[in-house]
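First up is the structure itself, then whatever we jot down about it.
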Amino acid sequence: MAISRESRAFRDISLSFDPHPVTKDLPILKNARAITRSVQNLVQTIPTERFFQPILGSDVRASLFDFVDFATASVIEEQIITTIDNFEPRVANVQVDVDPQPDNNTFNVTIFYDIVGQDFPTQEFSFLLEATR
Amino acid sequence: MPFTKFTNLDFDQIRSQIKDYLRANSTFTDFDFEGSNFSVLIDTLAYNTYITAYNSNMIVNESFLDSATLRENVVSLARNIGYVPRSRSAAKARVNLTVQTTSTSPTMTLEAGLVCVGSVNESQFVFSVPENVTTTINSGTAKFNDLDVCQGTYLKKQFVVDGSLDQRFILQNPFIDTSTIVVKVKGASDSGEGREYELAQNILNLNKNSEIYLLQEVQDERYELLFGDGYFGKKLENGSIITVSYITTDGIDGNGAKNFAYSGRVTDNLGNVIVPSSDVTISTTSKAQNGGEIESIDSIKYFAPRIYSSQYRAVTARDYEAIIQSIYPNTESVSVVGGEELDPPEFGNVIISIKPKNGDFVSDFDKESIATKLKNYSLSGINQKIVDLKVLFVEIDSAVYYNNAKVSNINDLKSKVSSTLNTFATANINQFGGRFKYSKLCQTIDSTDSAITSNITRVRIRRNLKTLINTSAQYELCYGNKFRMDKNGFNIKSTGFGLSGKSGTFYFTDTPGENGKGVISVVKESNDKGEYEVVIKSAGTVDYVKGEILLNTITFSSTVKENNIVEIQAVPDSNDVIGLKDLYLSFSVADSEINMIKDTITSGEQISGVGYKVTSSYLNGELKRG
């Protein structure tokens, strides 16, 4: 069977590796989901974690044990923006909101961005940064 | 599918190959982006491939003598062709010990172990003897004459043979001088430490009763002893006690110790300790020398195949080179010339010159010892003559032009040039059969610093005439290079010397004649006006073509230079100088002249060239050297 490729589409595999319930195929992340996953990966990668690419990733984890306040939140914000600017060329107009929640000892991070060259609305996704030990 | 290079050892290249493959064969597209999930998989794959490729490469490299890099593997591969790398060697000094005693014992024994302490460069080094030395006591005085003491600490190790197949006899200390190892084996019927076993280099002439051991280097520069198997060499009995004594040394650091303080232990014929009745006096016959480091990996790679190809037989010049290096580790360079190549020929002789690592001459003792050891390897009917080194010094007189704008300190620049020349000398010239390459030298000077704009370098060659003071003798000096013959003379120059029965300082000079030959005259500097008068018109001849000076019978009474040396220099016809036959070429940076001259044109001070200091490309017309 001939393999067809869609121009300017982004396709990534899902690291969950859960097979499709019907076709039993490997799950595929497409376009906006693929990029969202990528941004999340970048933010959560610790520098020196990847082989031979010591600067890849962001150092947000280093800030998790600091005071959960707006000063730390601003540092995390800065780190996330720098990381995405450096390593994810598919997105632009990145905005990051980091909301410190001292009672829960977590930061609620929301990232907004536009996908370059594709007709998608501004993307948004959130995740919690929490010191787990 | 793109072309795949299977030999990549670079992580990034492996990764880009995987991406190329995916680009052509996959429905996925995100592998180019570092944050993607696919990128994580690719990194894992590439890392896996990288580790496998690296391991394969190391395994293959380490399997061959030429490419192995780990000492353990190089040594092991060399062992396969019967080569035992040289160990560290202890610096040895020869001393005379005089001990006064009131003991009535007929003999006195200096026990193996610490004998004295010497110092080098404000560091203390201990000197030991590997075995007991016994001498007689005459009128309360015991003299240990010509005692060789080795720099290092004397140690003993005992093994009990348990008969198991996997028992190994490894000496755990590194830095052992293996020539000091003494092995004694005590069987059930032996007394004391037992019988001494000899080191065997190979299994020739061995039988089941030979009391021998073999030595091999194992991990971490340590040594293992191997004993006979009952066919080649005597097999060890169960319960035997092996006592191994040896000296661990600081190697090259111990060289140069001259003054020693006694710290030894002496006993009488019954083994009781003798306390000397007064201070033990130590006089030094020869200072500590010949200490050396363990053989380097490069040296093992170079000599192992050569020793193997020589098959322990000294036939070709290369065989001699390899064998002399193994029996005299202090060798820096060896020249071997067959007698038939000499003028006049000396058939049946092999002339050997050795340049030791520390110094210029091999001592008579070492020469004798090398000659004796060489006999085991050489062909019958061939005589080896170990002769003193004939050094042909190359000196330069260099005018180095520099751009003033780029220099902060001229002396620093000058030292930088000297240091570059020293490196150049060691790396390229100082050896037998060496060649002084003029163009390379000029290039080296120019590239020392960006401030150097050019250089004018003039070359001269020199040999040192070792004179016999107050003894009439004829002398011959061969330079092995054609001399430049200026018809006005001033080609041959010497340092000053005194002549028997005459007062004043004299010099050699030359008068060119016909057919590339000339006459050597002796001249004396007049007291006034710096003029010279001829004292002996025909004191010898010079052959400009062969590069040879012959002096008729002459009696020197003194020399201006130390050690009865008269330095005689000539100008080579070619700026490239070779070390012919047994001449050891040495680039003497210390005797060379480096003059720093400001390049007024390049630095912009006088762009018209007015005031530019021009240097002649030819040497000066002075009559005497210096």
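Bear in mind these aren't lab numbers, they're just calculated from the coordinates by the rules spelled out. Note that the structure is a prediction, hence the values are computed from the model and not measured. We place every Cβ from the backbone using ideal geometry, glycine too, and count neighbours over all the protein chains shown.
Couple of notes before you dig in:
- Its Cα centre serving as origin, region B:59-141 has a Cβ charge dipole (Lys and Arg +1, Asp and Glu -1) of approximately 160 debye.
- Computed 3J(HN,Hα) for region B:312-325, one whole-Hz value per residue from the Karplus formula 6.51 cos²θ - 1.76 cosθ + 1.60 where θ = phi - 60°, is 6, 10, 8, 10, 8, 4, 5, 4, 4, 4, 5, 6, 4, 4, glycine and proline marked x.
- Once the Cα gyration tensor of chain B is diagonalised, semi-axes √(5λ) in Å: 51, 45, 24
- Lysines with Cα under 27 Å of B:Lys143, excluding same-chain neighbours fewer than 8 positions away: B:Lys92, B:Lys156, B:Lys258, B:Lys287, B:Lys367
- Sorting B:Met485, B:Met58, B:Met108 by the number of Cβ atoms found within 10 Å of their own Cβ, with the fewest placed first, yields B:Met58, B:Met485, B:Met108.
- Dimensions in Å of region B:514-626 - Rg and Dmax from alpha carbons: 19.3, 58
- Set of aspartates and glutamates near B:Lys440 by C-alpha distance (under 13 Å), chain-local residues within fewer than 8 positions excluded: B:Asp576
- Cα-centre dipole for the protein assembly as shown with unit charges at Cβ (Lys and Arg positive, Asp and Glu negative), debye to 20: 2760
- Counted charge near B:Thr541, where neighbours are those whose Cβ lies closer than 13 Å (Asp, Glu -1; Lys, Arg +1): -2
- Plainly put, region B:263-348 has a radius of gyration that is 1.27 times its Kirkwood radius, both from alpha-carbon atoms, as the Rg/Rh ratio.
- Per-residue Karplus couplings for region B:101-116, computed as 6.51 cos²θ - 1.76 cosθ + 1.60 with θ equal to phi - 60°, are listed in order as 8, 9, 5, 8, 4, x, 10, 10, 10, 8, 6, 4, x, 4, 10, 7 Hz, Gly and Pro entered as x.
- Taking amide H atoms as placed 1.01 Å from N in the peptide plane, the amide H of B:Ala112 lies under 5 Å from those of B:Asn132, B:Val133, each 5 or more residues away in sequence or on another chain.
- Taking 7 Å steps out from each Cα toward its Cβ at B:Leu342 and B:Ser119 produces label points 4.7 nm apart.
- Per-pair calculated FRET efficiency, R0 = 41 Å: B:Ile81 and B:Thr44 via Cβ, rounded to 0.05: 0.45
- Flagged links, alpha-carbon separation over 21 Å, of B:Lys482/B:Lys517; B:Lys157/B:Lys208; B:Lys186/B:Lys235; B:Lys524/B:Lys561; B:Lys493/B:Lys517: B:Lys157/B:Lys208
- Calculated FRET efficiency for the pair B:Ile565/B:Asp486, C-beta based, R₀ 30 Å, to 0.05: 0.70
- For region B:378-419, backbone nitrogen atoms closer than 20 Å to the point 7 Å from B:Ile607 Cα along Cα-to-C-beta are found at B:402-407.
- Rg ratio for region B:65-203: its Cα radius of gyration over 2.2 N^0.38 Å, N being its residue count, equals 1.37.
- FRET efficiency estimate (nearest 0.05) - Cβ-Cβ, B:Gln443 to B:Lys416, R0 22 angstrom: 0.90
- In this rough spin-label picture, where each label sits 7 Å from Cα along the Cβ direction, the A:Asn108-B:Ile59 distance is 5.6 nm.
- Spin-label pair B:Ser503/B:Asn349, simplified geometry with 7 Å Cα→Cβ offset, distance in nm: 4.3
- If a spin label sat at a point 7 angstrom from the Cα of A:Ala92 along the line to its beta carbon, the backbone N atoms of region A:102-127 nearer than 18 Å would be those of A:112-124.
- Ranking A:Val109, A:Phe67, A:Gln53 by how far each Cα lies toward the positive end of the dipole of chain A (charges on Cβ) leaves A:Gln53 at the top.
- Per-residue Cβ neighbour counts within 10 Å put B:Glu295, B:Glu211 in the sequence B:Glu211, B:Glu295, beginning with the fewest.
- Taking a point 7 Å from the Cα of B:Asp397 along the Cα-to-Cβ direction, the residues of region B:469-491 with backbone N closer than 17 Å to it are B:483-491.
- Long-range HN-HN contacts of B:Leu199 with modeled amide H, under 5 Å: B:Tyr213
- Three-way shape label, region B:177-301, alpha-carbon gyration tensor, a/c 1.5: oblate
- The 3J(HN,Hα) values that the Karplus relation (6.51, -1.76, 1.60; θ = phi - 60°) gives for region B:376-381 are, in residue order, 5, 10, 8, 6, 5, x Hz. Gly and Pro appear as x.
- The gain in end-to-end length when the A:Ser74 to A:Asp119 segment is fully stretched comes to 13.1 nm, 0.36 nm per residue minus the alpha carbon separation.
- Over all pairs of different C-alpha atoms in the protein assembly as shown, the reciprocal of the mean inverse distance, the Kirkwood hydrodynamic radius, equals 34.4 Å.
- A straight chain from B:Asn209 to B:Gln13 at 0.36 nm per residue would run longer than the Cα-Cα distance by 64.4 nm.
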